[in-house]
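To start, the structure itself, in structure tokens.
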Amino acid sequence: MVYLTRRTTFSAAHRLWSNYLTQEENIALYDKCANPNGHGHNYVLEVTVRGTPDPHTGMVLNLTQLKQAINEYVIAWVDHKHLN
């Protein structure tokens, strides 16, 4: 059994806000994260796959295919987006 991990990064924004609080209470509680335009972060994503290496290639999964899948199914949806 072999584990293969691919690490990538992306940037995204979010806003923390409660409609049950006043603007002043939201700002006191959430600080920069209460900004109406959102507040950005840099994220690290790690994807790990597990499997038995193919006897002919010695690979569990082609790294290029894993990178393409991560980009298509995750990064394209969250990178430089507002997550709310």
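The values are calculated or read from the model by the stated rules, or taken from the named source; none is laboratory data. This is a predicted model, so every value here is computed, not measured. Glycine gets a Cβ as well: all are built from the backbone with ideal geometry, and neighbour counts include every protein chain shown. Each accessible area value is taken on the protein alone, full model and side chains, heavy atoms only, with ligands, DNA and RNA left out. Shrake-Rupley method; radii C 1.70, N 1.55, O 1.52, S 1.80 Å.
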If I ask for residues that are of a type in the set (Gly, Ala, Ser) and under 30 Å from THR22 (Cβ atoms), which ones from the stretch 34-84 would you list?
ALA34, GLY38, GLY40
Being among the β-branched types (Val, Ile, Thr) and open to solvent by less than 50 Å² (accessible area, probe 1.4 Å) is the filter; apply it to the stretch 38-54 and report the residue that is farthest from HIS14 (Cα to Cα).
VAL49
Considering the stretch 1-26, residues that are of a type in the set (Ser, Thr, Tyr) and either part of a strand (DSSP E or B) or touching a residue at least 40 places away in the same chain (Cβ under 8 Å) (or both), and then whichever is most open to solvent (accessible area, probe 1.4 Å), we arrive at TYR3
Consider only pairs whose beta carbons are under 7 Å apart and that are at least six residues apart or on different chains; among these, list those whose first residue lies in the stretch 55-70 and is within 19 Å of PHE10 (Cβ to Cβ) and whose second residue is at pLDDT below 90.
none
Which numbered condition GLN68 misses (of (1) assigned to a helix (DSSP H, G or I); (2) more than 21 Å from LEU83 (Cα to Cα); (3) open to solvent by less than 60 Å² (accessible area, probe 1.4 Å)):
(3)
Mind counting the residues in the stretch 15-41 that are closer than 15 Å to HIS82 by Cβ and over 22 Å from the mean Cα position of the chain (by Cα)?
0
